[in-house]
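Encoded as structure tokens, the structure appears first; notes follow it.
The values are calculated or read from the model by the stated rules, or taken from the named source; none is laboratory data. Keep in mind that this is a model prediction, so the values were computed, not measured. Note that each Cβ is placed from the backbone with ideal geometry, even for glycine, and that neighbours are counted across all protein chains shown. The protein model used for the area step is the full one, side chains on, heavy atoms only, and it has no ligands, DNA or RNA in it. Shrake-Rupley method; radii C 1.70, N 1.55, O 1.52, S 1.80 Å.
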Amino acid sequence: MYEINKIIKKIRDDNKLTQTEFAAFLSVSHQTVSSWERARTRPTLVMLKKISQSFNIPLSKLLPVDKVPKKSKRDLDKEKLAHAFLCLLSRSDMRNVTMQDDIILESGLSPHYVSSLFSTPLDILTFIAMKIEQEISIALEHTTATDPFIILADVILPILYQHCHVLKILYSKNYANGEWLHFLEQRYIKWVTPFFYNYCVENAPVSRSFAIELSVKMTLSIISTWLTQPIPETPETFRVHFLQLTKMSITDIATL
């Protein structure tokens, strides 16, 4: 039986750490660690990876058998191409990165093989996004929250923060910025729409679709501004500001 709460407590006890000391290693609060150990919540995949790295424990020991990632050579090469793509973007504000002249050369892989993995740079952007989305999906399986902004603050923001370096490049470089934001908007609109089913169209000055799109764009703008700061606040520190800003936004939409 998979009991991550007992595994985490054993790791902490083996290292002779209090919950506060253990939490400090992971940049979380001692309340979060307490919640894990009481089996009220579970750490995200990103956090399990951090525990694995911080305490030199194989990730496979922290995951249920059916969740242990098994990477094929193609998966590893896709990650290599994604890394090459991000390296190119980080070095210059490129508006037209090409597969043939830039990404393939940077990766060192053969053109024919690369074409079987990705056709365009946009495919690589989608791959990067899907990897992060998979981690979010796993984390969402264990939340009992129903407020979309609480879910964002407590589940999604910590995962995005773990990928801060990658996301900062995608948010700030001109080539990726437009495609990346469009991709996120489409994803978040689908996710947020069910939360607007009770939106009262008759008493509102704007349509449901307009309110959804505006809410998503404002929320993404808040997140992108946070992640592109020189040194972003930790998710726990930023949580208070995020909830204040998003609650203000949704109130404005509803009472405009």
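Gln53 satisfies every condition listed in (1) modelled with pLDDT under 85; (2) within 21 Å of Ala153 (Cα to Cα) except (2).
Residues of segment 17-38 that are surrounded by 15 or more Cβ atoms within 10 Å (Cβ to Cβ), modelled with pLDDT of 85 or more and part of a loop (DSSP other than H, G, I, E, B): Leu17 alone.
Taking segment 96-208 and the helices (runs of 4 or more DSSP H) fully enclosed by it, no element has 3 or more residues that are touching a Gly at 6+ places or on another chain (Cβ under 8 Å).
Out of the residues in segment 177-208 that are loosely packed, with under 13 Cβ neighbours inside 10 Å and among the hydroxyl-bearing types (Ser, Thr, Tyr), which is modelled with the lowest pLDDT? Reasoning before the result, please.
Step one: list which residues in segment 177-208 are loosely packed, with under 13 Cβ neighbours inside 10 Å, which gives 178, 182, 186, 190, 194, 197-198, 200-203, 205, 207.
From the residues that got through so far, the ones that are among the hydroxyl-bearing types (Ser, Thr, Tyr) too are 197, 207.
Values: Tyr197: 81, Ser207: 85.
Per the stated criteria, the residue is Tyr197.
Within segment 155-173, the residues that satisfy the criterion of being farther than 17 Å from Met47 by Cα and free of Cβ contacts under 8 Å to residues at least 60 places away in the same chain are Tyr171, Ser172.
Among the residues of segment 39-57, write down those that are outside any helix (DSSP H, G or I) and open to solvent by 70 Å² or more (accessible area, probe 1.4 Å). Give the derivation first.
The initial filter retains those residues of segment 39-57 that are outside any helix (DSSP H, G or I), namely 39-44, 55-57.
Selection gives Arg40, Arg42, Asn56.
For the condition modelled with pLDDT under 85, at negative phi and part of a helix (DSSP H, G or I), Ser60 qualifies.
Reported count of residues in segment 211-256, each being modelled with pLDDT of 85 or more, open to solvent by 50 Å² or more (accessible area, probe 1.4 Å) and under 17 Å from Asp154 (Cα atoms), is 7. Checked against the criterion of being under 23 Å from His182 (Cα atoms) and surrounded by 15 or more Cβ atoms within 10 Å (Cβ to Cβ), segment 104-113 has no qualifying residue.
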